[in-house]
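Undergrad: Submitted below is the structure of interest, expressed as structure tokens.
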Amino acid sequence: MAATVKYERIEKNCRSSRNPKEDAGIFSILSFWWMAGIFKTGSKRHLENCDMFPLCQQDKTQENTERLSQFWASQIATSGRWRLIKALLKAYPFCDYFFVLCTALLGAILQSLQTLFISFLMVEIDRLSDSNTKWAYLHGMGICISSLLRVLLLHQFMYISALISMRWKSATTGLIYQKVR
């Protein structure tokens, strides 16, 4: 017999009424520093419902469902066909998709640069002399910098991709519930 899971509703007035990401700067967003408070709390004790941040407005199911409903209705009206994927793509800003594409491409370029710097470093190690080590250090620094940038881009790529897919899922689920009701 399967165990029954009981879920508790997250109280709205337990924690601050704003998500810290809404006030975060560019460096805080790049390094996910806006999450430091919840990480600190989670390292000291088990997280509870009151510790969770409220959702950003653009991540709420109702807003995503309404946005998708509008774009899907216009898609049906203009083409006469039910093209849900086109409605999903149009419902969210193009800059999000462009950002995901750019971070993926830049990550691939940085991966190639790492390989290039490693090959240059190997050549420098083969002909290493005590008087001329500056190129070896420069190639090593190139490896470190390209690795750091690649990791930052990879985390942003994965975060934004997951955020887009979460919005798509909540919008389509909300749309299905609207149709069923």
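Undergrad: Evaluate the following for Lys179: is it in a helix (DSSP H, G or I), under 20 Å from the mean Cα position of the chain (by Cα) and among the charged types (D, E, K, R)?
TA: Spelling it out, it is not the case that Lys179 is in a helix (DSSP H, G or I), under 20 Å from the mean Cα position of the chain (by Cα) and among the charged types (D, E, K, R).
Undergrad: Arg150 fails exactly one of the following numbered conditions: (1) over 19 Å from Gly107 (Cα atoms); (2) open to solvent by less than 90 Å² (accessible area, probe 1.4 Å); (3) charged (D, E, K, R). What is the number of that condition?
TA: Just one mismatch for Arg150, condition (1).
Undergrad: Which residue, of Arg127, Arg167, is basic (Lys, Arg) and at pLDDT 90 or above?
TA: When all the criteria are applied, what remains is Arg167.
Undergrad: Somewhere in the range 128-139, is a residue acidic (Asp, Glu), free of Cβ contacts under 8 Å to residues at least 40 places away in the same chain and surrounded by 12 or more Cβ atoms within 10 Å (Cβ to Cβ)?
TA: no
Undergrad: Of Thr65, Thr41, which residue is under 21 Å from Tyr92 (Cβ atoms), outside any loop (DSSP other than H, G, I, E, B) and touching a Leu at 6+ places or on another chain (Cβ under 8 Å)?
TA: Sole residue among the options that is under 21 Å from Tyr92 (Cβ atoms), outside any loop (DSSP other than H, G, I, E, B) and touching a Leu at 6+ places or on another chain (Cβ under 8 Å): Thr65.
Undergrad: Right, something else. For the subset of the range 49-62 comprising residues that are assigned to a helix (DSSP H, G or I) and open to solvent by 90 Å² or more (accessible area, probe 1.4 Å), which member is nearest to Ala171 (Cα to Cα)?
TA: Out of the qualifying residues, it is Gln62.
Undergrad: Among the residues of the range 98-127, count how many are part of a helix (DSSP H, G or I) and open to solvent by 50 Å² or more (accessible area, probe 1.4 Å).
TA: Of the residues in the range 98-127, 20 are part of a helix (DSSP H, G or I) and open to solvent by 50 Å² or more (accessible area, probe 1.4 Å).
Undergrad: Cβ contacts < 9 Å: first residue part of a helix (DSSP H, G or I), restricted to the range 147-172; second residue among the aromatic types (Phe, Trp, Tyr) and open to solvent by 70 Å² or more (accessible area, probe 1.4 Å), any location; separation 6+ or different chain. Result?
TA: Between residues of the range 147-172 that are part of a helix (DSSP H, G or I) and residues that are among the aromatic types (Phe, Trp, Tyr) and open to solvent by 70 Å² or more (accessible area, probe 1.4 Å), the close pairs are Gln156/Phe99; Phe157/Phe99; Ile160/Phe99.
Undergrad: Quick one: what pairs do we get from the range 63-89, first residue free of Cβ contacts under 8 Å to residues at least 24 places away in the same chain and β-branched (Val, Ile, Thr), second open to solvent by 60 Å² or more (accessible area, probe 1.4 Å) and not in a helix (DSSP H, G or I), C-beta under 9 Å, 6+ apart or different chains?
TA: Final answer for the pair search is Ile76/Trp82; Ile76/Arg83.
Undergrad: Here's a check for you: in the range 1-48, which residue that is modelled with pLDDT under 80 and open to solvent by less than 70 Å² (accessible area, probe 1.4 Å) is farthest from the chain's Cα centre (by Cα)?
TA: Only one residue fits best here, namely Cys14.
Undergrad: Within the range 77-97, count every residue that is surrounded by 13 or more Cβ atoms within 10 Å (Cβ to Cβ) and not basic (Lys, Arg).
TA: Adding up the residues that qualify gives 8.
Undergrad: Could I ask something else about it? Given the options Ile145, Ile164, name the one that is within 24 Å of Ala87 (Cβ to Cβ), surrounded by 12 or more Cβ atoms within 10 Å (Cβ to Cβ) and within 22 Å of the chain's Cα centre (by Cα).
TA: Ile164
The values are calculated or read from the model by the stated rules, or taken from the named source; none is laboratory data. Just so you know, these numbers come straight off a predicted model, no measurement behind them. FYI the Cβ positions are ideal-geometry reconstructions off the backbone, even for glycines, and counts take in every protein chain you see. These accessible areas exclude ligands, DNA and RNA; they are computed on the full protein's heavy atoms, side chains included. Shrake-Rupley method; radii C 1.70, N 1.55, O 1.52, S 1.80 Å.
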